[in-house]
Amino acid sequence: MTSKRILAALLAAAMAGAWSPAPARAQDGGGAYRGAAALGLAMRRLGTPKRVLMVGAHPDDEDAQLLARLALVEGADVAYLSLTRGEGGQNGIGAELHEALGLLRTEELLAARRVDGAAQLFTRAFDYGFSKSADEAFRQWPREELLRDVVLAIRRFRPDVVVTVFSGTPRDGHGQHQVSALIAREAFEAAGDPQRFRDQLEAGLLPHRPARLYQSLRGSAESSTVRVALGDLDPLLGRSPFQLAMASRSLHRSQDMGRAELSGPRWGYLRRLLPAEGDGGSLWSGVDTTLSARAQAADAPQAAALLRRYEEGVAAVRAGLNPLRPDEVVPELAAATGHLHEAHRLLQSGQSGRPQKDVLRLAAADDDVLFEAAQAWQALALASGLVLDAVIADARVVPGQAVDLELSLWNGGTRPVAVTGFLPTLPFGPKGGWEYAAVDTVPYQEPHTLAPGTMLTRRFRVTVPAAEPATQPYFLRRSRTGAMYAWPAPDEGFVRGTAGEPFEMGPVWGSAIVKVEGIDVPLRTEATQREVDLRQGELRRPVLVVPAVSVRLDPRTRVLPTGSPRPLAYHVRLAAEQPGGVAGTLRLEAPAGWRVEPARVPVRFARPGEVREVRFTVTPAPGAAAGEYPVGAVFETEDGRRYTRGVEVIDYPHVRARPLVHDARSVVRAFDVRVPQGLRVAYVTGAGEEGPGFLENLGIVPDLLDADDLAEGDLDRYDVIVAGSRAYEVRPDLGAHNARLLEWVERGGTLIVQYNKYELVEGRFTPYPITMARPHGRVSDETVPVRVLDPDHPVFTTPNRITEPDWAGWVQERGLYFADTWDAAYTPLLEMSDPGEAPLRGGLLVAKHGRGTYVYTGLAFFRQFPEGVPGAYRLFANLLALGRPSP
């Protein structure tokens, strides 16, 4: 067999069977631990095949303390299954919402998992926003389909223990929290039923019923059956599980989750749910936690004997490991791994001719052995000092491009090894066609002896297929069905490889086979571009396939007042990635009778990385009626290729970059909205909202107030100042200079404060007291009726008459962080509630303050503006009009 075929076979074996979080297939990207710490963690895992699946609803729901304890200290293989990617939340660090926010939070989960040692999984559920009951959540997520996904996760990961984060009762608050616990309990039973979801079994998965179901109680000892130490100092890592969990938690930066890493004793608690009988005080009581016991239970005594020898060998290695001389354990670890390989051979061959029931038991035991083998190879590589790297010359490649790839293998150990395979791994199958050719300057032959302290380097030229689509996360390639993502068809490769993972594997990998003490050890690493930033140092970028020219059109929604139509401004950003440059013409496509200026813009790019910004003005046809009108951007090259899509890269320092591909399309929503003229408006930006840009839809371009403006600027230049969503949380300068704003209101200004959290009331930033309940008042059903308490108030009459149709078409929610109580100086103007709940009146309060007006509104304008919701724009225009100077 050639080295190339051997390499493919070993890598296939490494990734076959159960989904393996160590190393995780689509989650490689470097962990938080290196050297002796990484080896110590790997050795803790060997010989103890314990697996735990934790189930919650969102990013940040996970009990990271328990994850860190089980994964890092106890050596268990642990995964967190989040039903959603958190798309319905707010963003504390940027403007991304919906799918873009889901990508960011998925990456934040992966960053957290690299610290706490667990792996990450998902279902198809899309976070559509807050729910107050499980029934409401199940109306959005078909129960059977959600169950299918959780069963799939259990059958792939094959956990011994499932832990729910929530109780499945109204005590959980969020309806999605309740659903996560209810569906986990159903899946606990259904995953072992061979009659349920048979397509998964036909794709090669096995039925699997976990041994135990628990609920995490976090720090509450009430009704607990198991207590877990979380505050003990781990000598290997120098921190306790709690401290590591807080470091993990702090990586949820879009959710304001920064935490102190406090030292000292702490405990976590769990309650056993199924089966009902006692625990014996341990999570693992009554669970087979050795490979040999599982093989024996599968009636494979010869394999069990080999696995006992493996376990004894691993225990001896663990006891004798000197972190300063890891190479000393290599021979003994290699010998133990040989027993593991032989047990795999016996378990495979033993399935022939056996009854189906026996075959399933043997196959399950063999899955455990393959799972263990991947971790044994990782430990052998770490102990041997083997470091594989793959550096690609360009992280953004276009279809048809050829790009240089350098593979390097460093023998940092003390003994020579034989390299018997050393090649790129590229996409294969229906979407295959990626090719490589060696361009080594020094002849390379196998086997290649790699001496201690030396490095082997090979160079290749990788060619991207001409028809390769742009990189897009697998769950975004097809349109959602309601609040459920559409995954690719459930063929074997998808079910066993990608379904439920954060992302699919990157396209370019480096792979090697190294013979260590007679054991073939497969290595692999994702190819990345090495970038050196003079301020940050070395950065690594993943390979993305991008269009030769990326076309982005902003904004994605424009509002056209039908009573006073005006030209609409658009901005197009072209980014070139084509090697050698590209030239063509950019234009906008608008409805018939609409005028676009300029009509065409010739553009020429000389090299990749160049960007061109072009502004267009679109003048609607006279008398444009209410309705929706499409506008699109097209870049056509001189040779006739058309580009109509753009790539938005979600990129922050604490996460890996991920692409989101958009059509370069916009929609103009035309409706009757009257806007007060001549207003001088300023804006204090908040978190995760683009309010200033959307005010331009009303023909208002506000000044943006910075810290100096708030501290000493001439506020009397303005009639209205708007504070954005959560501005008091993310703008300390706003709180510091709030007194100046209130003095300005007293002199006659109008201050509109959009929804803010508890900082607003705790800081006493309002002119008269208000309070907020815990949990805060919110109306999550965007379709509920809204009662106007004073129809003749100017907020509902000037310049737009607000009527019942203005409350139609709102998205995700009516509002949040409503005031609970308020001073008599405020006038409540709206009443609304979710079904079955008491009415809330704290969503819109107006008060006179001196000669001016103060407004607090919890209405979710930040969600309505991007969607062009007519009633939201009309109502906000009326709020602005409260600041119209007196005649």
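The values are calculated or read from the model by the stated rules, or taken from the named source; none is laboratory data. Note that the coordinates shown come from a computational prediction; the quantities given were computed from them, not determined experimentally. With ideal geometry, Cβ positions are generated from the backbone for all residues, glycine too; neighbour counts draw on all protein chains shown. Note: accessible area is taken over every heavy atom of the protein model, side chains too, but ligands, DNA and RNA are not part of it. Shrake-Rupley method; radii C 1.70, N 1.55, O 1.52, S 1.80 Å.
Before moving on, here are some points about what is shown:
- Selection from segment 387-425 of residues that are under 27 Å from the mean Cα position of the chain (by Cα) and either of a type in the set (D, E, K, R) or farther than 24 Å from Ser550 by Cα (or both): Asp389, Ala390, Val391, Asp394, Arg396, Thr425
- Residue in segment 795-802 that is at pLDDT 95 or above and farther than 25 Å from Asp672 by Cβ present: no
Yes or no, residue by residue, for (1) within 38 Å of the chain's Cα centre (by Cα); (2) more than 28 Å from Val417 (Cβ to Cβ); (3) open to solvent by less than 60 Å² (accessible area, probe 1.4 Å):
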| site | (1), (2), (3) |
| --- | --- |
| Pro326 | yes, no, yes |
| Glu342 | no, no, no |
| Leu346 | no, no, yes |
| Gln351 | no, yes, yes |
| Arg354 | no, yes, no |
| Asp358 | no, yes, yes |
| Leu380 | yes, no, yes |
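- Segment 716-770 - residue that is among the basic types (Lys, Arg) and outside any loop (DSSP other than H, G, I, E, B) and, of those, nearest to Val701 (Cα to Cα): Arg717
- Wholly enclosed strands (runs of 3 or more DSSP E) of segment 771-887 bearing at least 2 residues open to solvent by 10 Å² or more (accessible area, probe 1.4 Å) and out of contact with any strand residue (DSSP E or B) (no Cβ under 7 Å at 6 or more places or on another chain): 844-849
- The C-beta contact set for segment 140-152 (first residue part of a helix (DSSP H, G or I), second residue aromatic (Phe, Trp, Tyr), distance under 7 angstrom, 6+ apart or interchain) comprises Gln140/Tyr128; Arg148/Phe197; Val151/Phe197.
- Inspection of segment 275-282 identifies no residue that is surrounded by fewer than 20 Cβ atoms within 10 Å (Cβ to Cβ) and not in a loop (DSSP other than H, G, I, E, B).
- From the options Pro452, Pro416, Pro424, residue that is open to solvent by 50 Å² or more (accessible area, probe 1.4 Å), at pLDDT 95 or above and in contact with a Gly (Cβ under 7 Å, 6 or more places away or on another chain): Pro452
- Residues being open to solvent by 40 Å² or more (accessible area, probe 1.4 Å) and over 20 Å from Ser254 (Cα atoms) - total across segment 712-746: 10
- Taking first residues from segment 817-830 that are on the phi > 0 side of the Ramachandran plot and partners that are of a type in the set (Phe, Trp, Tyr) and open to solvent by 10 Å² or more (accessible area, probe 1.4 Å), the Cβ contacts under 9 Å between residues at least 6 apart in sequence or on separate chains come to Tyr817/Tyr758.
- Tally, over segment 223-234, of residues that are open to solvent by less than 30 Å² (accessible area, probe 1.4 Å) and in contact with a strand residue (DSSP E or B) (Cβ under 8 Å, 6 or more places away or on another chain): 5
- Selection status of Gly173, touching a residue at least 40 places away in the same chain (Cβ under 8 Å), among the small types (Gly, Ala, Ser) and within 26 Å of Thr481 (Cβ to Cβ): no
- Residues considered: Val228, Val163. Of these, the only one that is outside any helix (DSSP H, G or I), closer than 19 Å to Gly500 by Cβ, touching a residue at least 60 places away in the same chain (Cβ under 8 Å) and of a type outside the set (Phe, Trp, Tyr) is Val163.
- Looking only at residues of segment 634-672 that are within 20 Å of Gly581 (Cα to Cα) and of a type in the set (A, V, I, L, M), we find that the one that is most open to solvent (accessible area, probe 1.4 Å) is Val647.
- Residue check for Val701: assigned to a loop (DSSP other than H, G, I, E, B), open to solvent by 30 Å² or more (accessible area, probe 1.4 Å) and either over 24 Å from Leu101 (Cα atoms) or without any contact (Cβ under 8 Å) to a residue 12 or more places away in the chain (or both): yes
- The set of residues in segment 172-225 being assigned to a helix (DSSP H, G or I) and in contact with a Ser or Thr (Cβ under 6 Å, 6 or more places away or on another chain) consists of Gly175, Gln176, Ala181, Ala184.
- Residues that are more than 16 Å from Ser248 (Cβ to Cβ) and hydroxyl-bearing (Ser, Thr, Tyr) do occur in segment 48-61, at least one of them.
- Conditions (1) surrounded by fewer than 16 Cβ atoms within 10 Å (Cβ to Cβ); (2) more than 28 Å from Leu97 (Cα to Cα): number failed by Glu762: (2)
- Residues considered: Gly313, Gly286. Of these, the only one that is crowded, with 18+ Cβ neighbours inside 10 Å and touching a residue at least 24 places away in the same chain (Cβ under 8 Å) is Gly313.
- Count of segment 347-376 residues which are of a type in the set (A, V, I, L, M, F, W, C) and touching a Leu at 6+ places or on another chain (Cβ under 7 Å): 9
- Within segment 297-310, the only residue that satisfies the criterion of being closer than 21 Å to Asp77 by Cβ, open to solvent by 40 Å² or more (accessible area, probe 1.4 Å) and either modelled with pLDDT under 95 or of a type in the set (S, T, N, Q) (or both) is Ala297.
Let's see how each residue does on (1) within 29 Å of Glu589 (Cα to Cα); (2) under 20 Å from the mean Cα position of the chain (by Cα):
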residue: Val647; (1), (2): yes, yes
residue: Arg656; (1), (2): no, yes
residue: Arg665; (1), (2): yes, no
residue: Val668; (1), (2): yes, no
residue: Gly678; (1), (2): no, no
residue: Ala682; (1), (2): no, no
residue: Thr685; (1), (2): no, no
residue: Asp708; (1), (2): no, no
residue: Ala711; (1), (2): no, no
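- If the condition is being part of a helix (DSSP H, G or I) and hydrophobic (A, V, I, L, M, F, W, C), then segment 283-315 contributes Leu291, Ala293, Ala295, Ala297, Ala303, Ala304, Ala305, Leu306, Leu307, Val314, Ala315.
- Subset of segment 526-549 (residues that are open to solvent by less than 30 Å² (accessible area, probe 1.4 Å) and touching a Leu at 6+ places or on another chain (Cβ under 7 Å)): Ala527, Val549
- Within segment 292-311, none of the residues are hydroxyl-bearing (Ser, Thr, Tyr), closer than 23 Å to Ala184 by Cα and out of contact with any Phe, Trp or Tyr (no Cβ under 7 Å at 6 or more places or on another chain).
- From the list Arg114, Arg85, Arg105, the lone residue that is within 22 Å of Ser216 (Cα to Cα) and part of a helix (DSSP H, G or I) is Arg114.
- Exactly one residue out of Leu213, Leu201, Leu237 is open to solvent by 10 Å² or more (accessible area, probe 1.4 Å) and in contact with a helix residue (DSSP H, G or I) (Cβ under 7 Å, 6 or more places away or on another chain), and it is Leu237.
- For segment 532-587, the set of residues classified as more than 27 Å from the chain's Cα centre (by Cα), part of a strand (DSSP E or B) and not aliphatic (A, V, I, L, M) consists of Arg558, Pro561, Tyr570, His571, Gly584, Thr585, Arg587, listed by residue number.
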